[in-house]
1. So which residues in region 294-319 are under 25 Å from the mean Cα position of the chain (by Cα) and either within 27 Å of Ala245 (Cα to Cα) or among the polar types (S, T, N, Q) (or both), if there are any at all?
2. Sort out which residues of region 345-356 are surrounded by 24 or more Cβ atoms within 10 Å (Cβ to Cβ) and either among the aromatic types (Phe, Trp, Tyr) or at pLDDT below 95 (or both), and write them in order of number.
3. Can you pull out the residues in region 215-241 that are buried (at least 24 other Cβ atoms within 10 Å of the Cβ) and either of a type outside the set (A, V, I, L, M) or at positive phi (or both)?
4. Does region 409-421 contain at least one residue that is crowded, with 18+ Cβ neighbours inside 10 Å, touching a strand residue (DSSP E or B) at 6+ places or on another chain (Cβ under 7 Å) and closer than 30 Å to Gly18 by Cβ?
5. Answer yes or no as to whether Val504 is outside any loop (DSSP other than H, G, I, E, B), exposed (fewer than 13 other Cβ atoms within 10 Å of the Cβ) and of a type in the set (A, V, I, L, M, F, W, C).
6. Answer with yes or no whether Gly18 is in contact with a Ser or Thr (Cβ under 9 Å, 6 or more places away or on another chain) and either surrounded by fewer than 17 Cβ atoms within 10 Å (Cβ to Cβ) or within 16 Å of Met410 (Cα to Cα) (or both).
7. Please count how many residues of region 435-448 are surrounded by fewer than 18 Cβ atoms within 10 Å (Cβ to Cβ) and farther than 24 Å from Trp534 by Cβ.
8. Report every pair of residues separated by at least 6 positions or lying on different chains whose Cβ atoms are under 8 Å apart, first residue within region 65-94 and farther than 20 Å from Phe479 by Cβ, second β-branched (Val, Ile, Thr) and surrounded by fewer than 17 Cβ atoms within 10 Å (Cβ to Cβ).
Amino acid sequence: MAYVFVAFLALFLGAVAGLLQVLQRTGVIELPAGIGYYQLLTAHGVLLALGLTTYFIIGFFFAGVAKTLGGQLTEPVRRLGWAGFWVMTVGTALVTYAIVMNRATVLYTFYAPLQASPEFYIGLALLVVGTWLSGAGIFLQYRHWKQVTGQKLSPLFAYMAVVTYLIWIIATLAVAAEVLFRLIPWSFGWVEKINVELSRTLFWFFGHPLVYFWLLAAYAAWYVVIPKIIGGKVFSDALARLAFALFIIHSIPVGFHHQLLEPGISHNSKLLQVFMTLMVVIPSLMTAFSVAGSFELAGRAKGAKGLFGWVKVLPWKDVRFFAPFVGMLFFIPGGAGGIINTSHQLNTVVHNTLWVTGHFHLTVGTAAVLTYFGVAYWLVPYLAGRTLTPGVNRLGIVQTVLWAIGMLCMSGAMHFVGLLGEPRRTAFTTYGDHPVVQSWEPFRALMAIGGAFLFVAAMLMVALVLYMMFAAPKGQTEFPLAETSEDAQPTPAVFERWPLWVGVLAVLIVIAYGKPILDLIQHAPPGSPGYKLW
């Protein structure tokens, strides 16, 4: 509950920053003196992309692991969970303080040579260490359950939680090394200059796997929770585990597709990681097939006839299903946009334009976040010992529709105006009333409208979560976990042979990153001092 509470506190603060940012970005308002556009942009990205997502995922996983691996957390696991929470929260407070004081206006990606104050980087380090403590708790609960039961296969939800956290911990090793050994000494002035390309490479070693950390938590809900809510079963336990196992080996050696237009990295290295990125499409398509299969099985079990008759009997008025389903729909164009971003030729057209920002908001801000919202409508009452009332359910449908309309307007406009050349990471400007820029104006207006819708939806969501936490009628709420279909094939035990999957991943990481990182160290440029431009 503590993790979930902080997650929605981050949503509140990040949404306020986002509204002010988009209104200034589109020329609707001028920010008050003392508040900078890039300061708001940094706050919006850090609070939502790191705060909301990470806190919610950990709370969701702790609840699910407790439910599936013994019924409650062991005392050592609880201590690790609380230790992780407080270390993360201290780190988040330091990061937020640095941003509010305008001492960390380096944007969400905190790229060198933009330089923040030391407390920003120290806060990031504490945030990462806190997540490691929480992950250690989840792994310890998993190991305890295995020792007590002697089972070769863990429950599906627990397996997915372990896989997701395994990816997170391996990916964060690089960003932890960047922050501890590069950025903190540089920000204190102990080191005069920094290797910019190496710093960016270490960030993107973490930066794109972070996307799968967000998405795999949503996938866990799609695979295991949604089938129960709609009265169905998991289509295939084995297929679900295979998809997650493929994410282990394919999700990390992919960061160079964010650096396709950067010098200092060989074309062969970029090509290899582009290929690896495209391989991630396979488990995503497997997920789409499996989830749709669960939907159809549930519908036909209720007597649905015809090719698509099962669609009509899905519980469209249940926000626990409706919100994640809308997120799934938005993930279709979001995933297609990701393939465009990964292609070298197409990426040259959209690189560093608002197209990229629009894509990011479709995948994380809609597919993942709307799924989290759908989970919150039953997870918060479950944890608080309360119930989801019909009124909250109806307001939740309204909140989902508002969010979808806002994201359709804002993200859609970002995609189109990105194709017309409007850059990302820039405050409002008319570029001297250039005719090309004048063609952007209708899309900027649509972005402002979309941002307003999103802000209203975010505030409604925060209000509903607080009501479910503290004011909803007391009662028992189910933690919905679906059983596997009787017709599904047995699940091979190989999916939980962790040394095998981690070993394959280690080999791929060495192949994908070994030579490029050595080259960046051996043939390092002179380096750059830090710049504080805002």
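1. Ser294, Phe295
2. Residue satisfying the conditions is Trp355 alone.
3. Tyr219, Trp222, Tyr223, Pro227, Gly232, Phe235, Asp237 - these are the residues of region 215-241 that are buried (at least 24 other Cβ atoms within 10 Å of the Cβ) and either of a type outside the set (A, V, I, L, M) or at positive phi (or both).
4. Yes, that holds for at least one residue.
5. It is false that Val504 is outside any loop (DSSP other than H, G, I, E, B), exposed (fewer than 13 other Cβ atoms within 10 Å of the Cβ) and of a type in the set (A, V, I, L, M, F, W, C).
6. no
7. So the answer is 7.
8. none
The values are calculated or read from the model by the stated rules, or taken from the named source; none is laboratory data. Quantities reported herein were computed from a predicted structural model and do not represent experimental measurements. Cβ coordinates were reconstructed from backbone atoms using ideal geometry, including for glycine residues, and neighbour counts include every protein chain displayed.
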